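The values are calculated or read from the model by the stated rules, or taken from the named source; none is laboratory data. Keep in mind it's a predicted model, so treat the numbers as computed, not measured. No Cβ is skipped: glycine too gets one built from the backbone with ideal geometry, and neighbour counts run over all protein chains shown.
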Amino acid sequence: MTSSSNADWLARSRAAVWHPCTQMQHHARTDQPAHLPLIPIARGQGAWLEDFEGKRYIDGISSWWTNLFGHANPRINAALREQLDTLEHVMLAGFTHQPVVELSERLAALTGGALGHAFYASDGASATEIALKMSFHYWRNVGRPEKSEFLCLAGSYHGETVGALAVTDVAIFKDAYAPLVRAAAHVLPSPDFRQAEPGETPADVARRAAAGLESWLKQHGERTAALIVEPLVQGAAGMAMYDPEYLRLARALCNHYEVHLICDEIAVGCGRTGTFFAHEQADIRPDLMCLSKGISGGYLPLSNVLCSDMIYAAFLDDSVARAFLHSHSYTGNPLACCAALATLDIFESDDVLAANRKKSQKIGATLAPLNGHPQVRHLRQRGMIAAFDVATDDPWFSRKFYRAALDAGALIRPIGNTVYLMPPYIIDDSEITQLGQVIGQALTAACRLA
Ligand SMILES: *Cc1c(COP(=O)(O)O)cnc(C)c1O
């Protein structure tokens, strides 16, 4: 049952695997503009993925925003090998272990001690669910059960389980399940700076969006448990970026109206936006924070919710019903925590944030010439995320661009008409240059094919 060619793996995968986020029929119809190629990957090394016939692709989007220090990173691999021979898993209810203790301590320290307790799960969507449940349960425990509603931003994405969909505002993921999704979440205006009116700065857009939050809280603050945001960059909305002023104002409003601020740092945490946590750029701290994706270096499913001591303390009681009884079988898995510790070690020993400042400048300089392209709009960047929109009516633009980029040797998967780069941090200057060339070629091909 071993195969060596791409074609074998494609046929077997199509027959047995139901791939995520995919209309499976689009894999089969190679003659159509909707065609979505399925790429069998044999191995990964650094910024590169390689198929079974030796074709290589630069991973321009960090395998869906997860990978930080490259595929098959020698240091993370070594740490995992050692952990594998020590302890692969033990349940976290009633048991503890070195990796989960150390990781919790180090994450708390990274928040300056503001978020002193870590609760674990495996995926981002579960972290969202945990944060929402924790917020609601906190208010119940302190005698305010009427605080049961949530706020999110237009275009928000916080995961796709039924609970997380309640605070996700992406129609294509949500509409089919609308009858299943709890209605008690209100969508607020996004501070996305692409919405600037003539003469408005990004900070003006942020203040306008915050005014919308304020007027909602004035009327409904009593019933509101929490506001959940993706700090600075709304990923799935198409790398919508906004000014830190929004977070400062939202923090102040949440304090005033006694509403939790949940920062979903699943995509933007771990250095993506230039600081270790994106919310640091607004000089604020959330009450609850979700982490996943990059926290394990892109190696293993791991997520967590960090919370303030005040929230934690409200669950302490003789009564079991006041406890947070949520659990997942693999909560706090030692291998996943070990990968996270190795990831944090690399941040410390290599001064990654400083090195990324140079890399993000290189990315910015590489993409800058696109400003002259007649169809490119809103070229923008925040740290290691760079994006632009393409003015086109072609409904299959993103597919055409994606296929053209793959042909040219890069994984760059646009979101709608937004093309973005979010590479692993080990990417070097020549690889950034190559990504720039691929973008130029794919843009030409996708716009010509329109
Ligand atoms: C990816 C993502 C999630 C969901 O994480 P999963 O691990 O895919 O469930 C939630 N929030 C944000 C901001 C994300 O980017």
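Miscellaneous remarks
- Val376 vs. criteria β-branched (Val, Ile, Thr) and more than 22 Å from the chain's Cα centre (by Cα): yes
- Meeting the requirement of 1 or more residues that are without any contact (Cβ under 8 Å) to a residue 24 or more places away in the chain, the strands (runs of 3 or more DSSP E) wholly within region 1-94 are 48-50.
- Residue list for region 277-295, filter: within 11 Å of the ligand (Cβ to nearest atom) and assigned to a helix (DSSP H, G or I): Ala278, Lys293, Gly294, Ile295
- Residue count, region 96-143 (criterion: within 16 Å of the ligand (Cβ to nearest atom), of a type in the set (Val, Ile, Thr) and farther than 18 Å from Ala340 by Cβ): 1
- Any hit, region 225-233, residues being more than 15 Å from the ligand (Cβ to nearest atom), part of a helix (DSSP H, G or I) and not aromatic (Phe, Trp, Tyr): no
- Of all residues in region 191-205, those that are free of Cβ contacts under 8 Å to residues at least 60 places away in the same chain have Cβ atoms under 9 Å from Cβ atoms of residues that are of a type in the set (S, T, N, Q) and in a helix (DSSP H, G or I), 6 or more apart or on another chain, in Val205/Gln195.
- Hey, Phe276 touching a Lys or Arg at 6+ places or on another chain (Cβ under 7 Å), farther than 24 Å from His186 by Cα and modelled with pLDDT of 95 or more or not: no
- Of all residues making up region 264-276, the number that are farther than 22 Å from Leu153 by Cα and within 11 Å of the ligand (Cβ to nearest atom): 0
- Filter result (more than 21 Å from the chain's Cα centre (by Cα) and part of a helix (DSSP H, G or I)) within region 176-195: Ala176, Tyr177, Ala178, Pro179, Leu180, Gln195
- For first residues located in region 432-449 and hydroxyl-bearing (Ser, Thr, Tyr), partners that are surrounded by 19 or more Cβ atoms within 10 Å (Cβ to Cβ) and lie 6+ apart or on another chain with Cβ distances below 8 Å form the pairs Thr433/Thr366.
- Residue in region 307-316 that is of a type in the set (D, E, K, R), touching a residue at least 12 places away in the same chain (Cβ under 8 Å) and in contact with a Pro (Cβ under 8 Å, 6 or more places away or on another chain) present: no
- From the list Leu302, Leu288, Leu344, the one residue that fits, being within 17 Å of Pro99 (Cα to Cα), within 20 Å of the chain's Cα centre (by Cα) and crowded, with 24+ Cβ neighbours inside 10 Å, is Leu302.
- Residue that is nearest to Ser329 (Cα to Cα), among those in region 296-316 that are within 13 Å of the ligand (Cβ to nearest atom) and hydroxyl-bearing (Ser, Thr, Tyr): Ser303
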